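Read the figures in this text as sums done on the coordinates, not as results from a lab. None of the values given here were measured: they were computed from a predicted structure. Reconstructed Cβ throughout: ideal geometry from the backbone, glycine too, with neighbour counts over all protein chains shown.
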Amino acid sequence: MSSPNSNPRAAGGSVKQTGTGPRVNAPARPPQRPAGATSGSKPAGARPGLVKPAPKAKARKARLLVSKVDPWSVLKMSFLLSVALGIVTVVAAIVIWTVLDLTGIFDGVNDLLREIAGTESGGFDLRQFASLGQVVSFATIIAVVNVVLLTALAMLSAVLYNISSTLVGGIGVTLTDD
């Protein structure tokens, strides 16, 4: 047992000493079928239940407090989201104006205003007051104002949350494992 290749702790077998060196017996193989199963007792397509599923682990829960919010990260995130909202505002204004023009709403409003005002007043054209360029310009101004206001409001909210969380302790959150 003094040779460097020998393994005195062989798994499941005993060590035999022979003239050529140590040999390890192979571990006994488990039976292929359960002891109570016979070849004719189960239908042809059924599989024997050799392995039982492991029991489900209990879900872990962690209770945490959000005690501080970083104002710089709130500023960056609110700026990004408000810019996205501004782009959506401008695109929605263009789409709504185009749909109103294609469906003939502007012509119907012009005809209605001509009937109300009478024929002496000349012609009233709604597209002069609400052209596509004017609508896009107004939507862009509204979007820029919203970006500035929403970013400032989110930053102010983060600072106020930090001040109030020092007094109250923050918002409790429970996280679970699925």
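Results, tabulated for the structure shown:
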| read-out | value |
| --- | --- |
| Phi to ³J(HN,Hα) by Karplus 6.51 cos²θ - 1.76 cosθ + 1.60 over the range 78-89, Hz, x for Gly, Pro | 5, 5, 4, 5, 6, 5, 4, 5, x, 5, 4, 5 |
| Taking 131, 82, 73, 165 and counting other C-beta atoms within 10 Å, the order from fewest to most | 73, 131, 165, 82 |
| For 89, 166, 174, order by how many other beta-carbon atoms lie within 10 Å, fewest first | 174, 166, 89 |
| Gain in span if fully extended, residue 68 to residue 124, counting 0.36 nm per residue against the direct Cα distance | 14.3 nm |
| Distant-in-sequence amide H partners of residue 67 (H built 1.01 Å from N, under 5 Å) | none |
| Difference of contour (0.36 nm per residue) and Cα-Cα distance, residue 136 to residue 84 | 17.1 nm |
| Surrounding net charge for residue 176, when Lys and Arg each add one and Asp and Glu each subtract one, Cβ distance under 11 Å | +2 |
| Nearest-20 debye value, the range 68-176 charge dipole, Cβ charges on Lys, Arg, Asp, Glu | 680 |
| Projected area, mean over directions - the range 71-178, Cα convex hull, nm² | 12.3 |
| Spacing of the two label points (7 Å from each Cα toward its C-beta) at residue 173 and residue 100, in nm | 4.2 |
| Linear extension gain, residue 52 paired with residue 113, 0.36 nm per residue minus alpha-carbon span | 14.0 nm |
